[in-house]
């Protein structure tokens, strides 16, 4: 699954366009490498988002099979480090 779709599907970003904007500005990294929106996410990857106040890191536990998941099930797909 593409990184922009993944961020939206697991409720890290509210909209896919927001995720694409963050990726275009170079604040989203997978395994410490700046990525493009087309980069595929795999189980075990570490996603870092450099927010203004502090970076947040997430470990990918599972790839969702649906377009969106309930916020209450976010812990099944990502673990905040």
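Values in this text are rule-based calculations from the coordinates and carry no lab data. Nothing here was measured: the structure is a model prediction, and the numbers come from that model. Ideal geometry is used to build each Cβ from the backbone, glycine not excepted, and the neighbour counts take in all protein chains shown.
Here are a few things to note about the model shown:
Conditions tested, residue by residue: (1) without any contact (Cβ under 8 Å) to a residue 60 or more places away in the chain; (2) in contact with a strand residue (DSSP E or B) (Cβ under 8 Å, 6 or more places away or on another chain).
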site	(1), (2)
6	yes, yes
35	yes, yes
45	yes, yes
52	yes, no
56	yes, yes
59	yes, yes
62	yes, no
71	no, no
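- When residues in the stretch 3-22 are screened for being out of contact with any helix residue (DSSP H, G or I) (no Cβ under 7 Å at 6 or more places or on another chain) and surrounded by fewer than 19 Cβ atoms within 10 Å (Cβ to Cβ), 4 of them pass.
Residue-by-condition table, conditions (1) over 10 Å from the mean Cα position of the chain (by Cα); (2) farther than 21 Å from residue 17 by Cα; (3) surrounded by fewer than 14 Cβ atoms within 10 Å (Cβ to Cβ):
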residue: 44; (1), (2), (3): yes, yes, yes
residue: 52; (1), (2), (3): yes, no, yes
residue: 58; (1), (2), (3): no, no, no
residue: 63; (1), (2), (3): yes, no, no
residue: 68; (1), (2), (3): yes, no, yes
residue: 72; (1), (2), (3): yes, yes, yes
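- Scanning the stretch 23-38 for residues that are in contact with a helix residue (DSSP H, G or I) (Cβ under 8 Å, 6 or more places away or on another chain) and crowded, with 17+ Cβ neighbours inside 10 Å returns 23, 28, 30, 35, 37.
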